[in-house]
Amino acid sequence: MGSVENIKKAFSLRTKVIELDKRIRVGAVSYLNTRPLIYGVKRSPLMERIELIEEYPSRIAAMLLNDEIDVGLVPVAVIPKMKEHFIVTDYCIGTEREVASVAIFSEVPMEKIEKIILDYQSRTSVNLAKVLLREYWKKEVLFEEAGEDFMQQIGGTTAAVVIGDRALQQAHLSDYVYDLGIAWHAFTGLPFMFAGWIANKQLDDAFIKAFNIANGYGIQHLDEVLAGTHFKEYDLRTYYTKNISYALTDAKRKGLELFLKYL
């Protein structure tokens, strides 16, 4: 039975038909690490009842703050800026240790870095870098907001925080790679949650249940996701099973709580 039929069967067995007066606006990040989560969503009956928007993380966060979407897979650093927030689903973008796609890239060791350019596509990762530099590496640097071609400026004593698919590519180019997932775990002993499905309003329970099932489908059927996903710079099976940790566990919630306190 094909993947679409499997998803429809899962919905028919485990959920009721959702009647909505209007489409729920859903924002998702257009990175490789989100594909297992949105794979099932895109192939589920939910697509008849949602408006799916894909953008980079900081843009999705801004849309959630401006009520342009109802729920989004957004950087957790946006939470303190929200009037109210609701974390939905049992899934997130997190890591137990090495995340691979969020790092400080440099041509010199940490002690020689003088300036760090901050990826414009990020909210959580640039704040995590600031926390770790202050609390873990005990280092002061000059921070600079990035332009679109900022990775070309990495050199000498200038480093950069790079996230997502571009970070997996940059790892082949930089002499020094400081993985922020590894650094956070070394500092706190906890996993880290970069992004979660966060709503700015209370959503219908039936929708949340169906949305949770749809998110879980791709995690449970990674072979299907991998069959349609190609990326030569990094082994995606390793990425999806060793680097990215999708389950929203109690330990990740503790890590999130600690991170928000540092913010």
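The values are calculated or read from the model by the stated rules, or taken from the named source; none is laboratory data. Since the model is a prediction, treat every value here as computed from it, not as a measurement. Here Cβ is always computed from backbone atoms with ideal geometry, including for glycine, and neighbour counts include all displayed protein chains. The protein model used for the area step is the full one, side chains on, heavy atoms only, and it has no ligands, DNA or RNA in it. Shrake-Rupley method; radii C 1.70, N 1.55, O 1.52, S 1.80 Å.
For beta carbons closer than 8 Å, sequence separation of 6+ or different chains, a first residue in the range 167-186 that is without any contact (Cβ under 8 Å) to a residue 60 or more places away in the chain and a second that is surrounded by fewer than 16 Cβ atoms within 10 Å (Cβ to Cβ), the qualifying pairs are ALA183/TYR136; ALA186/TYR136.
Here is a yes/no grid of residues against (1) open to solvent by less than 40 Å² (accessible area, probe 1.4 Å); (2) within 23 Å of TYR262 (Cβ to Cβ); (3) within 20 Å of the chain's Cα centre (by Cα); (4) among the aliphatic types (A, V, I, L, M):
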position	(1), (2), (3), (4)
GLN153	no, no, no, no
GLN170	yes, no, yes, no
GLY181	yes, yes, yes, no
ALA210	yes, no, no, yes
ILE213	yes, no, yes, yes
TYR217	yes, no, yes, no
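Screening the range 103-130 for residues that are open to solvent by 10 Å² or more (accessible area, probe 1.4 Å) and among the β-branched types (Val, Ile, Thr) and picking the one that is modelled with the lowest pLDDT gives VAL126. Which residues, counting only those in the range 180-206, are in contact with a Lys or Arg (Cβ under 8 Å, 6 or more places away or on another chain) and modelled with pLDDT of 95 or more? Across the range 180-206, the qualifying residues are GLY181, ILE182, HIS185, LEU190, PRO191, PHE192, MET193, ASN200. Restricting attention to the range 229-263 and to residues that are among the acidic types (Asp, Glu) and farther than 16 Å from PHE194 by Cα, the residue that is most open to solvent (accessible area, probe 1.4 Å) turns out to be ASP235. In this structure, does LEU190 turn out to be touching a Cys at 6+ places or on another chain (Cβ under 7 Å) and within 24 Å of THR124 (Cα to Cα)? Against the criterion (touching a Cys at 6+ places or on another chain (Cβ under 7 Å) and within 24 Å of THR124 (Cα to Cα)), LEU190 does not qualify. Of the residues that sit in the range 61-102 and are open to solvent by 10 Å² or more (accessible area, probe 1.4 Å) and among the polar types (S, T, N, Q), which one is nearest to the chain's Cα centre (by Cα)? That would be THR89. The single residue among GLU111, GLU144, GLU148, GLU140 that is assigned to a helix (DSSP H, G or I) and among the acidic types (Asp, Glu) turns out to be GLU111.
For the residues GLY216, GLY196, GLY181, GLY255, the requirement of being among the small types (Gly, Ala, Ser) and in a strand (DSSP E or B) singles out GLY196.
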